[in-house]
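Read the structure below first, then the notes.
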Amino acid sequence: MKTFRLISLGCPKNTVDSEVMAGLLMGKGYTPVIEPGNYVDVLILNTCGFIETAKEESISRIMEAVEAKETGKVGKLVVAGCLAQRYPQALKEEIPEIDILFGIDGVENITDFLAGESSPIITESPTYIYSHKSPRAVSTGIGYAYLKIADGCNHSCSFCAIPEIRGKQRSRPIEDVVTEARALTDDGIRELILVAQDGTSYGRDLGLGNGLSDLLEELDKIENVGWIRPMYMFPGKITDKLLDVIASSTKVCPYVDIPLQHSSGSLLKSMRRPGDSDSYLRLLERIRERIPGVYVRTSLIVGYPGETDEDVEQLLSFVKEARFHHLGVFTYSREEGTPAFPLGETVSEAVKLERSSVIMEAQKQISHELNEKLVGQTLEVIVEGISEETDLLLQGRHIGQAPDIDGVVLINDGEAQVGEKKPVVIEQALFYDVVGRII
Ligand code: SF4
């Protein structure tokens, strides 16, 4: 009986590919080994490779695996995912200890590659996307599961290497997604998180004008489906129809994840992205008008070539006025093959980090003030288990919190099973988390 361990790096889109690979291996009788340190016949690294920090982490995990192989803890070393897709030649030449290396289009052939029945592949522009027929070993517990509705991207944001890595957008047909959603719900999954590079472009390659809102309406019809959380919305593609579908559903979370990247009109133009501070504030107003009590998440980039102190001042006042519930800041990573690469670097790493912490310091206060507003309210919470901070507390999420990237609800009193939804009265607000007891 062969054993395998799979390390999944990067974004939820990669997590789903990892779960499909695990499902295929288990279908062939391989046994998963969770704990590091034990001998495994096969170690799979599903890598990330879109920005410098992600590449560095993937490389260091590969080197750890090479060491484990040299000390007899690993039989075969398999490297897949975005770093493999982006730098196949360099990886093969510089790390000959890698036994099997393949790109995005090789996900469903992993067992053939291991059996030597076919040679690992790297295709120029990947077209692979799984379906409800793909065996999948969900790795995120019963609290939630990611539902990848599309992969690839047709935008050309100047800083972004993802279109080059993951290929053109390809959406799964609505029926295919709904069939999988039913199966996950029947398995007890409490929340479905819809992921893609750009969720709001879902279905356009299938000729659907309002693909995402059509899909949400179909998912909403699934009787015992829990929360439905659409992620990754593109600012220029948020229709009133979509907002109304979210607002009128009891299952679709009042949650809008809309990476804006910046608020300066001239920088956004250079980034090949729409909008500016004023149009984004109007967009937020429209979202908040149509979806009462909506939670809004965004992500921003600081240090993009040409960014001035004034741009950051303006971004800071935009963040203070916009009052996002959740916000992440990335420092610009100059990536070869992207349209912005020829612009070089005009902001030092130290200044990028300084700008990022100025924005995050402001956001910390805003997040705390918005959490304060929840004190005294009773919220429905999906309980996910013992808190990561202390085993004296349980941990869960309310409808305004996505897993891994947003704050959590720390529960200091009451009992619950993992995956259960419980009413929790919020008693205390922390910077990102809130504390409450089950009633
Ligand atoms: S929308 Fe832009 S930032 Fe997002 S994956 Fe596509 S090109 Fe990259």
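The values are calculated or read from the model by the stated rules, or taken from the named source; none is laboratory data. Model, not experiment: these values are computed from the prediction. Ideal geometry is used to build each Cβ from the backbone, glycine not excepted, and the neighbour counts take in all protein chains shown. Side chains included, ligands, DNA and RNA excluded: accessible areas come from the protein's heavy atoms. Shrake-Rupley method; radii C 1.70, N 1.55, O 1.52, S 1.80 Å.
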Share antiparallel - DSSP beta bridges, the chain, percent rounded to 5: 35
Cα-projected label distance for T31 with L206, points at 7 Å along beta-carbon direction, nm: 4.0
Cβ charges +1 (Lys, Arg) and -1 (Asp, Glu), total dipole of the chain, debye: 820
Euclidean distance between Cα centres, segment 58-127 to segment 245-297, Å: 38
Segment 74-209: C-alpha gyration tensor shape, a/c 1.5 cut-off, then a/b vs b/c: oblate
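Where does each of 80-89, 240-249 land if you order them by average Cβ count within 10 Å, highest first? Before the final figure, lay out each step's value.
Values: 80-89: 23.5, 240-249: 17.0.
Descending mean neighbour count gives 80-89, 240-249.
How much mean residue ellipticity at 222 nm does the chain get from its helices, if each DSSP H run of length 4 or more adds -39500 (n - 2.57) and you divide by all residues, to the nearest 500 deg cm²/dmol? List each step's numbers first, then the result.
On the way: 13 runs with 148 residues, N = 439.
Roughly -10500 deg cm²/dmol at 222 nm, from the helical runs in the chain.
Taking segment 3-115 on its own, what percent of its Cα-Cα pair distances exceed 20 Å?
Details: 2105 of 6328 pairs.
In whole percent, the share of Cα-Cα pairs in segment 3-115 beyond 20 Å is 33.
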Part-to-part distance (alpha-carbon centres) for segment 341-355 and segment 165-213, which is given in Å: 36
Shape category assigned to segment 241-372 from the gyration tensor of Cα positions, a/c cut at 1.5: prolate
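Are there trypsin sites (Lys or Arg not before Pro) in segment 133-189 that DSSP marks as loop and that have at most 15 other Cβ atoms within 10 Å, and which are they?
Values: sites: K133, R136, K148, R166, K168, R170, R182; in loops: K133, R136, K168.
Qualifying residues, ordered by number: K133, K168.
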Pairwise label distance in nanometres, D186 with S248, each label 7 Å out on the Cα-Cβ vector: 2.9
Packing-based order for 186-196, 100-110, using average beta carbon neighbours within 10 Å, highest first: 100-110, 186-196
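Count neighbours as other Cβ atoms within 10 Å of each site's Cβ, and list the GluC sites (Glu not before Pro) in segment 39-98 that are DSSP loop with at most 15 such neighbours. Can you show the working numbers first?
On the way: sites: E52, E56, E57, E64, E67, E70, E93, E94, E97; in loops: E97.
Within segment 39-98, the qualifying GluC sites (Glu not before Pro) (loop, at most 15 other Cβ atoms within 10 Å) are E97.
If you keep only loop residues by DSSP, which GluC sites (Glu not before Pro) in segment 218-294 have at most 10 other Cβ atoms within 10 Å of their Cβ? Could you put the intermediate results ahead of the total?
Working: sites: E218, E223, E285, E289; in loops: E223.
Those satisfying the criteria are E223.
Write down the Å³ per residue value for the convex hull defined by the alpha carbon atoms of segment 378-438. Don't jump to the answer; show the numbers that get you there.
Numbers: hull volume 4.5 nm³, N = 61.
Expressed per residue, the convex hull around the Cα atoms of segment 378-438 is 74 Å³.
Heavy atoms only, probe 1.4 Å: what % of the accessible area of the chain goes to carbon and sulfur, would you let me know? Mind dumping the intermediate values first?
Numbers: 9440 of 18450 Å².
Accessible surface attributable to carbon and sulfur in the chain totals 51 percent.
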Unit charges at the beta carbon, dipole of the chain: most positive-side option, G37, G400, V245: V245
Protection proxy ranking of 318-331, 369-382, 29-42 - average other beta-carbon atoms within 10 Å, highest first: 318-331, 369-382, 29-42
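With the other protein chains left in place, how much accessible area per residue, in square angstrom, belongs to the chain at a 1.4 angstrom probe?
Using a 1.4 Å probe on heavy atoms only, each residue of the chain averages 42 Å².
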Within-9-Å neighbourhood charge of E380 [Cβ basis; K, R +1; D, E -1]: +2
The chain, relative contact order [Cα under 8 Å, separation at least 6], %: 10
Dipole magnitude of segment 378-438, debye to nearest 20 (Cβ charges: Lys/Arg +1, Asp/Glu -1, about Cα centre): 220
Calculated P(r) tail over 35 Å for the chain, as whole % of Cα pairs: 32
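Would you work out the relative contact order for segment 3-115, in percent, from Cα pairs under 8 angstrom that are 6 or more residues apart? Write down the numbers at each step before the final one.
Working: 179 pairs, mean separation 31.2, N = 113.
This gives 28 percent for segment 3-115.
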